[in-house]
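The values are calculated or read from the model by the stated rules, or taken from the named source; none is laboratory data. Quantities reported herein were computed from a predicted structural model and do not represent experimental measurements. Here Cβ is always computed from backbone atoms with ideal geometry, including for glycine, and neighbour counts include all displayed protein chains. Please note that ligands, DNA and RNA were not included when accessible areas were found on the heavy atoms of the full protein model with its side chains. Shrake-Rupley method; radii C 1.70, N 1.55, O 1.52, S 1.80 Å.
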Amino acid sequence: MLKVLIACVGLLGVAYGAMAQATSVVFLNPGTSAESFWVSYAQFMQAAAKDLGLDLRVRYSERSAANTLAQAREALQGSERPDYLVLVNEQYVAPQILRLAQGSGVKLLIVNNALTADQVQLLDAHKDARWIGSLVADDEQAGYLMLTDLLRNHGPVTPGTSLDLLAFSGAKNTPAAQLREQGLHRALAEHPEVRLRQLVYGEWSRQRAFEQATQLFKRYPQTALVWSANDEMALGAMQALQDSGRVPGKDALFSAINSSPDILKARLDGRLSTLVAGHFTLGGWAMVLINDDAKGLDIGAYGGRDRKEALFQLIDVNQSKRLSGPMPAVDFRALSAVGKPVSYRYPFSLQLLLH
């Protein structure tokens, strides 16, 4: 009996040791816990963490920079510090978090919104903040793709005439929103037949965009195109057009970014003409990088420390159906650079979910 007990205790010790050795990660999620994009983003991260044997905790800021900073302080200066902290430079919070990280021993990875050029200059003061890099999607390209595809859907414009465009950007002090705007302006420079009537900041919110669009459609009744930097704002603007007695997808063409159930439904039923998606996968790919860094690999050797991935792509009706179903399984362990040649490059792509 004693031998059996000792054996059981030994097995428990081995099991506990395996649990204790799991690399721990905290993700500071800048969205709300009811926000479709950020919830699906966290779910994809959790799927990756489970596959890779990482211990991931997600903290939602509920769209409050003050909450993000409080959560960062707890993770970096509290008694139970994780091995890694994943953060988003939403509302420019990254430099303050880098300061909090000094001497913490916690490694940092930035996703979705990288440091701005001005913020990078501050990094010399934070050499002991163990920042392993950043992973972002090409937001400028996403903004460009949306307008060019809207115009493709609209068709030729009669010479000498123009198309009125309304644009809904996100939060003014968020790099992703600024880059998407830059892509919009690049497309506008190529298409002088499009007149940008007004660009407003919808703060990523459906209700705010609805209120703004209600006024804007009255001010610009000839609006033919609506560009939105995320799905929630597009849905709010669509509702405003419907309430005015017009039909989205017919009386005005809409574009959006993201792949929430509501926006995929709008794409499938024709209310939404152009959809760009793919960046909800960034957190999952970040888990692969953390897994490899924790195993002693130099992740910078496989494509650089600061990575911009071409994750955004136009989503057609068939792909919308695919993304509307259960999330496809991804073999995250197969994406690891462990055991791969130095020529290996991480193949991060939305296609891994659409095969």
Hand me the list of strands (runs of 3 or more DSSP E) wholly inside the range 66-144 holding 2 or more residues that are touching a Leu at 6+ places or on another chain (Cβ under 9 Å) and either among the polar types (S, T, N, Q) or under 14 Å from LEU28 (Cβ atoms) (or both). 84-88, 107-111
Cβ-Cβ below 8 Å, separation at least six or inter-chain, first residue in the range 333-355 and β-branched (Val, Ile, Thr), second open to solvent by 60 Å² or more (accessible area, probe 1.4 Å): which pairs? VAL338/LYS295
Qualifying residues in the range 292-305 (those that are over 13 Å from TYR346 (Cα atoms) and outside any loop (DSSP other than H, G, I, E, B)) - the one farthest from the chain's Cα centre (by Cα): ALA294
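Does ALA42 qualify as being among the small types (Gly, Ala, Ser), under 20 Å from ILE132 (Cα atoms) and open to solvent by less than 20 Å² (accessible area, probe 1.4 Å)? Reasoning before the result, please.
Working: among the small types (Gly, Ala, Ser): yes; under 20 Å from ILE132 (Cα atoms): no; open to solvent by less than 20 Å² (accessible area, probe 1.4 Å): yes.
In short, no.
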In the range 249-293, what residues are open to solvent by 10 Å² or more (accessible area, probe 1.4 Å), touching a strand residue (DSSP E or B) at 6+ places or on another chain (Cβ under 8 Å) and farther than 22 Å from ALA47 by Cα? LEU253, ARG267, ARG271, SER273
Criterion (within 14 Å of ALA48 (Cβ to Cβ), hydrophobic (A, V, I, L, M, F, W, C) and under 21 Å from the mean Cα position of the chain (by Cα)) met by exactly one of LEU289, LEU275, LEU350, LEU323: LEU289
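Collect the residues in the range 42-65 that are among the aliphatic types (A, V, I, L, M) and assigned to a helix (DSSP H, G or I), keeping them in residue-number order.
Residues of the range 42-65 among the aliphatic types (A, V, I, L, M): 42, 45, 47-49, 52, 54, 56, 58, 65.
Hits for the range 42-65 are ALA42, MET45, ALA47, ALA48, ALA49, LEU52, ALA65.
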For the range 172-199: of the residues being within 20 Å of ASP251 (Cβ to Cβ) and among the aliphatic types (A, V, I, L, M), which is surrounded by the fewest Cβ atoms within 10 Å (Cβ to Cβ)? LEU196
